Amino acid sequence: MISILDYDAGNIKSVEKAIQYLGEEAIITRDRDVILSSDKVILPGVGAFGDAMAKLREYKLDQVIYDVVDKKTPFLGICLGLQLLYKTSEESPEATGLGILDGEILRIPELPGLKIPQIGWNSLNITPGAKLFKDVSDNAYVYFVHSYYLKSKNIEDVAATTDYSVNIHASVERDNVFACQFHPEKSSGVGLQILKNFIEL
């Protein structure tokens, strides 16, 4: 069973539907015991970094996430869920993120002719051997909605990059922690393959 963390951060139903479509049981929950007994855990999310961290703390899900990671349960952050894995974000300078991975969340730089947020499909440059991208071809297209991006401190964590005004670290993996800035649940067959790879870890 896969737990999808419920902290009032939107787009959760589409993740649940995608997981169920792949034949896996999914539950939207903030119940600590349910989450810790799950085979996998997903932290989705859209919205602002500071508000999301406040909600995670209000529901005591921050501590549950640390426990999940310590237990070596496969964990997947999606969109805002990727950004929350880091300690700071330019979006909410006053807020402290989870700090599980090392890097910065920065605003996408303005460039003439480029709209921010980035909304739409963009291609990925996949790091060879990245587990989330097994059987996904390099330059595959996925769906993004974001104004802030990850610059990982550890280049060895980076599983895929994309370019939009700047080189964006679009996916990371370290041990049992995986994350995507894009939305696999909205990325058609490519996204389903990525979720299937996560399920099969």
Practice prompt. For region 124-172, restrict the atom set to alpha-carbon positions and state the Rg and Dmax in Å.
Written response: 10.5, 29
Fill in: Those residues of region 61-78 whose amide nitrogen sits under 14 Å from the label point placed on Lys87, 7 Å along Cα→Cβ
none
Response to the item:
Between the residues Ser188, Tyr149, Leu124, the Cα farthest towards the positive end of the dipole of the chain, that dipole coming from +1 and -1 charges on the beta-carbon of Lys, Arg, Asp and Glu, is from Ser188
Worksheet item: Where the centroid of each part is defined by its Cα atoms, how far is region 38-68 from region 82-130 in Å?
Response: 17 Å
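Which length gain, in nm to one decimal place, applies between Asn139 and Glu110 when the Cα-Cα distance is subtracted from 0.36 nm times their residue separation?
Working: separation 29, 0.36 × 29 = 10.44 nm, distance 2.40 nm.
So the extension gain works out to 8.0 nm.
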Practice prompt. Apply 1/(1 + (r/R0)^6) to the Cβ-Cβ distance of Lys71 and Ile27, taking R0 = 22 Å, and write down the FRET efficiency to the nearest 0.05.
Written response: 0.80
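Put Thr96, Thr162 in order of accessible area, largest first, 1.4 Å probe: what do you get? Kindly include the intermediate steps, with their values, before the conclusion.
On the way: Thr96 65, Thr162 0 Å².
The ordering from most to least exposed comes out as Thr96, Thr162.
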Worksheet item: Which of the lysines could a cross-linker span from Lys151 if the Cα-Cα distance has to be under 21 Å and same-chain partners fewer than 8 positions apart are dropped?
Response: Lys87, Lys115, Lys131
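Report the extension gain between Met1 and Val166 in nm, rounded to one decimal, defined as 0.36 nm multiplied by the number of residues separating them, less their alpha carbon distance.
Working: separation 165, 0.36 × 165 = 59.40 nm, distance 3.74 nm.
My answer for the length gained is 55.7 nm.
Counting only DSSP beta bridges with both residues in the chain, what percent are antiparallel, rounded to the nearest 5? The partial results should precede the final answer.
Values: 23 of 38 bridges.
Looking only at bridges with both residues in the chain, the antiparallel portion is about 60 percent.
In debye, nearest 20: dipole of the chain around its Cα centre with unit charges on the Cβ of K, R (+) and D, E (-)?
On the way: 20 positive and 28 negative charges, 34 e Å.
Around 160 debye, computed over the chain.
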Worksheet entry | Where Glu110, Glu58 fall by accessible area, highest first, once all protein chains stay in place (1.4 Å) | Glu110, Glu58
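The values are calculated or read from the model by the stated rules, or taken from the named source; none is laboratory data. Quick caveat, the model's predicted, so the values are computed rather than measured. Glycine also receives a Cβ, built like all others from the backbone with ideal geometry; neighbour counts cover every protein chain displayed. When the accessible area is computed, the model is the full protein with side chains, heavy atoms only, and any ligands, DNA or RNA have been set aside. Shrake-Rupley method; radii C 1.70, N 1.55, O 1.52, S 1.80 Å.
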